[in-house]
Amino acid sequence: MSRQGLFDAYRVSQVRVENDRTRTLVFESPLPESYPGQYVMAWLPGIGEKPFSISGNDPLALTVADVGPVSHALSLVRPGERVWMRGPLGKGYELISQSHLLVGGGYGAAPLSLLARQARTIGHSVTVVLGAKTRDDLMMVAAFEELGCAIYLTTEDGSAGVRGLVTDVIEQACMEQHQGCIYACGPTGMLTAVGKAAQLLELPAQLSFEALIRCGVGLCGSCELPEDLCLTLGISPGFLVCHDGPVARVN
Amino acid sequence: MAGLAADFLNLHLKNPLVLASGILGTSPSLMARCALAGAGGITSKSCGPEPRAGHDNPVALAWQGGVINAIGLTNPGAQEEVSLLHETRDRLKTLGVPLFASIFAPTLEQFGEVARVIADAEPNLIEVNISCPNVASEFGTPFSATAEMAAAVTREVRRAVSLPISIKLAPNVPMIGDLTHAVAEEGADAITAVNTMPAMLIDAYAGRPVLKNRTGGLSGPALKPIALRCVAEIASRVSLPIIGTGGVSTGIDAAEMIMAGATLVGVGSAVWEDGPAVFARIANELTGFMVETGYSQLGEMRGRAMR
Ligand SMILES: Cc1cc2nc3c(=O)[nH]c(=O)nc-3n(C[C@H](O)[C@H](O)[C@H](O)COP(=O)(O)OP(=O)(O)OC[C@H]3O[C@@H](n4cnc5c(N)ncnc54)[C@H](O)[C@@H]3O)c2cc1C
Ligand SMILES: Cc1cc2nc3c(=O)[nH]c(=O)nc-3n(C[C@H](O)[C@H](O)[C@H](O)COP(=O)(O)O)c2cc1C
Ligand code: FES
């Protein structure tokens, strides 16, 4: 068995503020052989261990929203301090076709920013739909702009972009540019809606799900996607977010 | 042509490979997935009297020698489990795969109670887990520690249900043969050996154990030689069929387990590498080994290394 299962200590080199409650931790070294959509289990000894999608791999970067004990402790980590990682874990996104629609809710923007970078580096066209509750909750808009992505914004209160949900603009984004595949990351409700929209548009979609990840190696069963959700989206039942995912392919 | 068919108690399995308890045995869909992927039998995650969330992360790690875990017996409690097992049993039946339901309890009396509740789901066997190493701080010394306690649990469960029962033993006991003999005397129908080996990993840079629970159970390749020795010793003392479990990740490993005396072969940690597809791979490798070496049935290998 490889080192994949054990922890390596990574030292933080820089902390970037993304919004009120979200920080990106940039580390000193790369995460070898990792790709967009994969995650690491980040461990702070004595505090806890949680999964985080990689938002950069060379050097490693994690984008953390402060919502509870572990994420709070991570957002207090300063340059020079260490975080322990095991990974990369799971199966990430795979770029298919040449033109891509990325859909992110909340910190879902983080893994998608790495995917956008990969696609733009090889000259593919990328459209991004970012959704949040309010203007202040939106994040990484500038990063996607710098990469040369076409951007659509939605907010639930209408303080920026279109008032509503990401799914309200997906169809329009697809009409304006010919999209080959939809790649999404965000809360389960959003992913379900995006998956259904993709079915109507007859586009393949790659959806990155969250679940309670415990072992992270496909043994304990705690991260299984509910069977009814699998059946709704045409994912084969018994899907393990930690090992078969987090990215599930539909259509 | 080499055949993998395995007779175990009154059951007929298409191959001897059984999903070990605690690995993906948490829902009907996951257990059906493992059966579809080629497991000959399925064991559910151990279930106790009350719902349990289990320990906090980190709860499991893969390292060079295999896996170490302290999941902490996460389960929905016996009442909820019965309906999951009902559903699972129906799905597995259509696939021709038997269901073994694993139970545990903190006290002697509760072993009987949980067994009685779970029996309602009519699993093909109840596997009695007296050997989880990860709950000692709450439940005290596991019942697998002495022949007297192991026998007492067996008696309690035997009295509670008429379904076949297998007692799941720990590797870290001084005289596993004597212990098994005591369990057999109380009416066990089979033995599952072994559970994980109590162990600890320390991260030197962090200066502390990596598991939140500090200690955990070791499984996978590092456990195999220990499991082979236990199975061989048990087979030499009792004539009960054995579900030999510990570190099996290839067809050759499975052959070794059968040659030590096992009738069925548990597979747990190996699921980490290939997912449930591991069952078809191990079955193919076992067939390949039998063809190569001239065995036509599993029975010809059983206990061979000890004769
Ligand atoms: C594959 C995967 C990738 C992930 N990637 C990231 C990532 O890139 N960045 C990141 O910040 N988190 C990510 N998460 C979530 C992360 O693992 C933790 O669940 C989260 O940080 C909360 O952990 P906690 O211990 O701080 O708080 P907990 O005690 O676990 O949670 C506190 C409360 O916050 C709620 N909560 C959890 N997430 C959110 C949220 N986003 N917004 C509002 N409430 C929430 C929980 O339901 C709970 O009620 C990912 C999860 C998975 C499964
Ligand atoms: C993550 C994990 C969880 C486990 N949970 C249980 C359990 O609930 N009940 C049980 O009897 N054994 C449990 N075990 C032990 C296995 O069933 C098996 O006996 C042990 O892992 C040795 O087999 P292996 O080397 O093939 O994994 C667990 C093992 C692992 C790795
Ligand atoms: S977290 Fe254990 S199987 Fe996915």
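The values are calculated or read from the model by the stated rules, or taken from the named source; none is laboratory data. Remember, it's a predicted structure, so these values are computed and weren't measured experimentally. Here Cβ is always computed from backbone atoms with ideal geometry, including for glycine, and neighbour counts include all displayed protein chains. These area figures cover heavy atoms from the full protein model, side chains too; ligands, DNA and RNA do not enter into them. Shrake-Rupley method; radii C 1.70, N 1.55, O 1.52, S 1.80 Å.
Quantify how strongly other chains surround peptide A:40-49 by giving the mean number of their Cβ atoms within 10 Å of each of its Cβ atoms.
Mean inter-chain Cβ contacts per residue within 10 Å come to 4.
How much length is gained on full extension from residue A:163 to residue A:66, taking 0.36 nm per residue of separation minus their Cα-Cα distance?
Full extension from residue A:163 to residue A:66 adds 32.4 nm.
May I ask you to evaluate 6.51 cos²θ - 1.76 cosθ + 1.60, the Karplus curve with θ = phi - 60°, for each residue of region B:129-144 and list the ³J(HN,Hα) values in order in whole Hz, giving x for glycine and proline?
Working through the residues one at a time gives 8, 9, 10, 5, x, 9, 10, 4, 5, 9, 9, x, 3, x, 5, 6 Hz.
Express in nm, to one decimal, how much length is gained between residue A:13 and residue A:171 on full extension, taking 0.36 nm for each residue of separation and deducting their alpha carbon distance.
Using 0.36 nm per residue and subtracting the Cα-Cα distance, I get 52.8 nm.
Report, please, the projected area of the protein assembly as shown averaged over directions, based on the convex hull of its C-alpha atoms, in nm².
Across all orientations, the protein assembly as shown yields a mean hull projection of 25.8 nm².
Picking from A:63, A:109, B:131, whose Cα lies most toward the positive end of the charge dipole for the protein assembly as shown (charges on Cβ: Lys, Arg +1; Asp, Glu -1)?
It is B:131, whose Cα lies furthest towards the positive end.
Need one value for B:29-37: mean number of C-beta atoms belonging to other chains within 10 Å of its residues' C-beta atoms.
4
Helix A:188-201 sits at what angle to the longest principal axis of chain A, using alpha carbons and giving 0 to 90 degrees rounded to 10?
That helix lies at roughly 40 degrees to the long axis.
What Rg and what Dmax come out for region A:3-89 when only alpha-carbon atoms are used, in angstroms?
Cα radius of gyration and Dmax of region A:3-89 are 11.5, 36 Å respectively.
If the only charges are +1 at each Lys and Arg Cβ and -1 at each Asp and Glu Cβ, what is the size of the charge dipole of the protein assembly as shown around the Cα centre, to the nearest 20 debye?
820 debye
Label residue B:116 and residue B:162 with points 7 Å out from Cα along Cα→Cβ: what is the distance between them in nm?
1.6 nm
Could you check which residue among A:224, A:210, A:81 shows the biggest mean-square fluctuation in a GNM of chain A with a 10 Å Cα cutoff?
A:81
For region A:82-94, what does the Karplus curve 6.51 cos²θ - 1.76 cosθ + 1.60, with θ = phi - 60°, yield as ³J(HN,Hα) per residue in whole Hz, taken in order and with x for Gly and Pro?
Along region A:82-94, the couplings run 10, 10, 8, 10, 10, x, x, 10, x, 10, x, 7, 10 Hz.
Cross-link list A:91/B:168; B:45/B:212; A:50/A:91; A:196/B:14: which exceed 29 angstrom alpha carbon to alpha carbon?
A:91/B:168; A:196/B:14
Please give the helix A:167-176 orientation as an angle from the longest Cα principal axis of chain A, in degrees from 0 to 90, rounded to the nearest 10.
Orientation of helix A:167-176: about 60 degrees from the principal axis.
Taking amide H atoms as placed 1.01 Å from N in the peptide plane, list the residues 5 or more away in sequence, or in a different chain, whose amide H sits under 5 Å from that of residue B:8.
The list, which skips near neighbours in sequence, is B:13.
With a 1.4 Å probe and all protein chains left in place, how much of the accessible area of chain A comes from carbon and sulfur atoms, in whole percent?
Answer for chain A: carbon and sulfur cover 51 percent of the accessible area.
Name the residue, out of B:30, B:125, B:85, whose mean-square fluctuation peaks in a Gaussian network model built on chain B with Cα pairs under 10 Å.
Comparing B:30, B:125, B:85 in the GNM, the peak value goes to B:30.
Using the Karplus curve 6.51 cos²θ - 1.76 cosθ + 1.60 with θ = phi - 60°, what ³J(HN,Hα) values do you get for each residue of region B:215-223, in whole Hz, with x for Gly and Pro?
Using θ = phi - 60°, the values come out as 10, x, x, 8, 9, x, x, 5, 8 Hz.
Near residue B:22, within a Cβ-to-Cβ distance under 14 Å, what is the net charge of the other residues, with Lys and Arg +1 and Asp and Glu -1?
Neighbour charge sum, excluding residue B:22 itself: +2.
I need the semi-axes of the equivalent ellipsoid of region B:154-307: take the C-alpha gyration tensor, multiply each eigenvalue by 5, square-root it, list largest first in whole angstrom.
The answer is 26, 24, 14 Å, longest axis first.
Give the percent of DSSP beta bridges with both residues in chain B that are antiparallel, rounded to the nearest 5.
Expressed as a percentage, antiparallel bridges in chain B total about 40.
Using modelled amide H (1.01 Å from N, peptide plane; none on Pro or chain starts), what sits under 5 Å from the amide H of residue B:203, excluding residues fewer than 5 places away?
For residue B:203, the qualifying residues are B:208, B:210.
Expressed as cubic angstrom per residue, what is the convex hull volume of the alpha carbon set of region B:89-161?
Each residue corresponds to 93 Å³ of Cα convex hull volume.
Tell me what chain A gives for mean residue ellipticity at 222 nm when only DSSP H runs of n ≥ 4 count, each as -39,500 (n - 2.57), the sum divided by the residue total, rounded to 500 deg cm²/dmol.
Calculated mean residue ellipticity at 222 nm is -6500 deg cm²/dmol.
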